[in-house]
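Engineer: Below is the structure I would like to discuss, written out as C-alpha cells.
Please treat every number below as a calculation from the coordinates, not as lab data. Owing to the predicted nature of the structure, the values given are computational and were not obtained by experimental measurement. FYI the Cβ positions are ideal-geometry reconstructions off the backbone, even for glycines, and counts take in every protein chain you see.
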Amino acid sequence: MPMNNPSPLSRRSWLSLLPGALALPAADPALPALLPHDQASRDAALAALLARIRGAARQRDFKTLEAMMLATFRVEFDSGKGPGAFHRYWKPESPSSPLWEVLERLFALGGTFYSPSLFAVSYVYTRFPPDLDILGHVVALRDNVPLLAEPQAGAARLAEVSHAILPLAAPLKPPVRIPSAQFLEVRHPSAARAFVSAGDVYSPAAHRAFFEKAPNGRWRWISLACATLAEPPDLYARKPAAKRKTARK
C-alpha cells in the first residue's frame, strides 16, 4: 500500500499527532467518553470523495465504488488487493451482501487526519485511547444510549450513556463485524448485567477506511478493513513473511 510518508509510524505514533486525541470528556464520571469528530471538511476534494462513496453505497452501486479503488486497494488485512479481490470477497452484486450495512454504518461516522495526506474513517478507530483494548470495548455513538436488562428491544432500561467507551463482558473476536440488529453485553458501574444494541455503538476494531492524497492533490481510497488478524500488520512496516503472524483469534 503506497504511502507518502516513508518512515515507519505505528497507530500509537499517529495518534500522538492528533491534537487533543486523548482529551476525552466524560459524560459519566465512571466511564471515559469519545465524542464524534470529523475533519473531512478541511479538504474539499476529500469531502467530495466521501460524499460520492456514501451516494454509491446508498444506491448499491458497486461498480462506481470499485472504480474509486486503486489497483493496490487493501481488502481486509488478509484477503488480497484491488477491486477484483474486493468483489470476490464481498460479492456486492447481491443486495444481501453484508458490505452494504458495513459501508452505511462506517461512512455515517466522521474521520480524522493522521497527516495532511492520510485520512481515516472512523473517529472511533482513529481517536480511541491506545492504552485500551480495541477488542474489549465499544463506543456509544450518541447521547442517551440505553443499557438494557435483556438483549432485546423493549427491555427495561438500567441506565443511559452518552458517547461512553463501554467495556464488553467478553472481548470481540476477529473478524469484527457486528450486525446492528445484535445486542452486546457490556459492563457498567450501576448494573450487574447490561446489554446495548449494536446499532447504538461502534467498535474501534470494526471496519475502517483509509484515504491517501496523491502529489497531484487527488485523494485515493486505499483500504477497507477490520481487525481480521490476531496481529494486524503495521501500515508502513515490512516484516519478513516468516515472522508475520497471521493466525486468527
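Engineer: Taking a virtual spin label 7 Å from the Cα of Gln152 along the C-beta vector, which residues in region 178-195 bring their backbone nitrogen under 14 Å of it?
Structural biologist: Within reach of a label on Gln152: 183.
Engineer: What list do you get for Lys213, Lys91 if you sort them by fewest beta carbons within 10 Å?
Structural biologist: The fewest-first ordering by Cβ neighbours comes to Lys91, Lys213.
Engineer: Counting other beta carbons within 10 Å of each residue's own, what order do Leu99, Leu135 fall into, fewest first?
Structural biologist: Listed from fewest to most nearby Cβ atoms, that is Leu135, Leu99.
Engineer: For Thr228, Thr72, Thr126, which order do you get if you count the other beta carbons within 10 Å of each Cβ and list the fewest first?
Structural biologist: In order of increasing Cβ crowding within 10 Å: Thr72, Thr228, Thr126.
Engineer: How far apart, in nm, are the 7 Å Cα→Cβ label points at Asp38 and Ala108?
Structural biologist: 1.2
Engineer: Under a crude label model (7 Å from the Cα following the beta-carbon direction), how far is Ala170 from Asp61 in nanometres?
Structural biologist: 4.2
Engineer: Order of 137-147, 189-199 by packing, highest average Cβ count within 10 Å first?
Structural biologist: My ranking of the peptides, most packed first, is 137-147, 189-199.
Engineer: Moving to a separate point now. So, by mean Cβ neighbours within 10 angstrom, what's the order for 50-59, 104-113 with the highest one leading?
Structural biologist: The densest-packed peptide leads the list: 104-113, 50-59.
Engineer: Which FRET efficiency value, to the nearest 0.05, do you get for Tyr89 and Ala47 by plugging their Cβ-Cβ distance into 1/(1 + (r/R0)^6) with R0 = 22 Å?
Structural biologist: Computed FRET efficiency for Tyr89 and Ala47 comes out at 0.20.
Engineer: Also, quick follow-up: Along the charge dipole of region 132-203, Cβ charges K/R +1 and D/E -1, which of Pro151, Ile178, Ala164 sits furthest on the positive end?
Structural biologist: The residue sitting most towards the positive pole is Ile178.
Engineer: Under 20 Å from a point placed 7 Å out from the Cα of Glu185 along the Cα-to-Cβ direction: which residues of region 195-212 have their backbone N that close?
Structural biologist: Of the residues in region 195-212, 195-203 have backbone N under 20 Å from the label point off Glu185.
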